[in-house]
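Shown next, in structure tokens, is the structure this report addresses.
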Amino acid sequence: MPQWRNWNTCLPAGRRARFRNKLIDKNMKYTAYAIKSMSRNYIYVGLTNDLNKRFKQHNSGKETTTKPYAPFELIYTEILLDRTSARKREKYLKSGVGKEFLKNLLNNAQVAKLADAHGSGPCGSNPVGVQISPWAPRYGGLPADRQVQILSGA
């Protein structure tokens with residue numbers, strides 16, 4: 001009588017690897033992020049599962065895409081529970097509408113900072129204020145799997 005094998009070991013190597021990656025994905029959180037060059041007018045959008053490591057790579061010049069624009073400051077992060085939704089958010093932020101959203105965040109932060117410096121700011125001691133994604137009013141707020149953090153101090 002033949003021995004029955006574990007179904008996972010019967011799969012070809014490539015399919016086993018994809019299955020293993022999906023198991024890992026369920027335990028990870030991904031971050032869609034935006035960084036702004038401090039020396040030029042350039043915004044880069046990406047996604048990662050280790051934001052600190054990725055940010056250091058950008059600033060140290062290890063990435064060919066961003067090397068000429070270093071150093072960077074982190075202006076926006078959004079933590080998502082799976083890679084698929086993080087990729088969708090990254091694609092949105094890379095689109096024309098998404099870039100406008102990021103530029104508006106920067107402009108609003110600068111205006112609030114100037115107004116706060118003159119004592120007339122509506123934000124009090126928080127120059128950035130509270131802002132969330134543009135779809136939030138339409139859908140009654142952000143879904144539970146999203147955490148948004150705006151980090152602009154420009």
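The values are calculated or read from the model by the stated rules, or taken from the named source; none is laboratory data. Keep in mind that what you see is a predicted model, and the values were worked out from it rather than measured. Cβ atoms come from the backbone with ideal geometry, glycine included; neighbour counts cover every protein chain shown.
Of the residues screened, THR84 is not one that is more than 23 Å from ALA109 (Cα to Cα), part of a loop (DSSP other than H, G, I, E, B) and modelled with pLDDT of 90 or more.
Within region 30-51, residues that are closer than 24 Å to ASP82 by Cα and outside any strand (DSSP E or B) reach partners that are modelled with pLDDT under 95 and not hydroxyl-bearing (Ser, Thr, Tyr) with beta carbons closer than 6 Å, at six or more positions or on different chains, in the pairs ASN49/MET28. Considered as a group, the residues in region 102-132 that are in a loop (DSSP other than H, G, I, E, B) and of a type in the set (S, T, N, Q) include one that is modelled with the highest pLDDT, and that residue is SER120. Right, LYS91: part of a helix (DSSP H, G or I) and modelled with pLDDT of 95 or more or not? Taking the combined requirement at face value, the residue satisfies it. Name the pairs whose Cβ atoms lie under 9 Å apart, with the first residue in region 59-73 and at pLDDT 90 or above and surrounded by 17 or more Cβ atoms within 10 Å (Cβ to Cβ), the second among the hydroxyl-bearing types (Ser, Thr, Tyr) and not in a loop (DSSP other than H, G, I, E, B), and 6 or more positions between them or separate chains? Note: pairs meeting the criteria are THR66/SER37; THR66/TYR44; TYR69/SER37; TYR69/TYR44; ALA70/SER37; ALA70/SER60; PHE72/SER37; PHE72/TYR44.
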